[in-house]
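Trainee: A single structure is presented below for examination.
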Amino acid sequence: MKVDDYARPLEIRAGAARMSCHRQAGAVLVISLLILLIMTLIGVTAMSTTSLEEKMAGNMRDKNTALQASEASLEDGELWLASLGTKPTETTSCGSPPCDVWELNVLPDLASQSQSWWLSNAREYGTSGSKDISDVTTDPYYVIEAQAEVRDNLDSGQNPPTGRNFYRVTARGTGGTDDAQVVLQSTFVKRFN
């Protein structure tokens, strides 16, 4: 056997390998571009998801601020009623705000009223004309509506009747923007005797 016989299969294999390398040079570039495209799509999707989550967190904070402002105003209305020594006079229209207590079934649907309605018909939280809560756009407002007077007994004797007065306190608060609005209601019971 000659030396050339042993070397020949190696030459054939080396030539085949060289031809295979030339064919694969373009395939590596295409695969690399596809991987880069997939990674770009994953990055863009992650960025848009993060942006959406940030907007949702901001809206939730805004709504929570409006809820807290409305709760503060609701408590302010209840404290105002608790501080009264005599039964307040009920009104059917508000000539000059703030209007103290409204008669039953006079107020419109309070959840759908505009900011200007609340400014001209309701009591402002805290000091009137000043901004008392720093994180809100406008201070919260509340209205009080007389609901019923329930007497303790049915006796119509010589003594003045005693009983409890029921009031509905409705408060409206806004958040960092006026788009976030929360309207809360509570029932407050007070005995004026």
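Trainee: By the gyration tensor of its Cα atoms, with a ≥ b ≥ c the square roots of the eigenvalues, what is the shape of segment 61-180: rounded for a/c under 1.5, prolate for a/b over b/c, or oblate?
Mentor: Prolate shape, in that a/c is at least 1.5 and a/b is the bigger ratio.
Trainee: Something else about it: When the accessible area of segment 121-193 is computed with all protein chains present and a 1.4 Å probe, what percentage of it is carbon and sulfur?
Mentor: Ligands and nucleic acids excluded, carbon and sulfur give 43 percent.
Trainee: For LYS55, give me every one of the aspartates and glutamates with a C-alpha distance below 15 angstrom, ignoring sequence neighbours fewer than eight places off in its own chain.
Mentor: Qualifying aspartates and glutamates at Cα under 15 Å: ASP179.
Trainee: Still on this structure, please answer the following. If you take the square roots of the eigenvalues of the alpha-carbon gyration tensor of segment 51-111 and sort them as a ≥ b ≥ c, do you get rounded (a/c under 1.5), prolate (a/b over b/c) or oblate?
Mentor: Verdict is prolate for segment 51-111.
Trainee: Would you mind calculating the relative contact order of segment 75-129 from Cα pairs under 8 angstrom and at least 6 residues apart, reporting the percent as a whole number?
Mentor: 35
Trainee: Quick one: what Rg and Dmax do you get for segment 104-144 from the alpha carbons, in Å?
Mentor: Rg, Dmax (Cα atoms, Å): 11.1, 34.
Trainee: Another question about this same structure. At 7 Å along Cα-to-Cβ for each site, give me the label-to-label distance between THR45 and LYS131 in nm.
Mentor: Distance between label points: 4.3 nm.
The values are calculated or read from the model by the stated rules, or taken from the named source; none is laboratory data. Note that the coordinates shown come from a computational prediction; the quantities given were computed from them, not determined experimentally. Please note: Cβ atoms are built from the backbone with ideal geometry, for glycine as well, and neighbour counts cover all protein chains shown. For accessibility, only protein heavy atoms count, side chains too; no ligands or nucleic acids. Shrake-Rupley method; radii C 1.70, N 1.55, O 1.52, S 1.80 Å.
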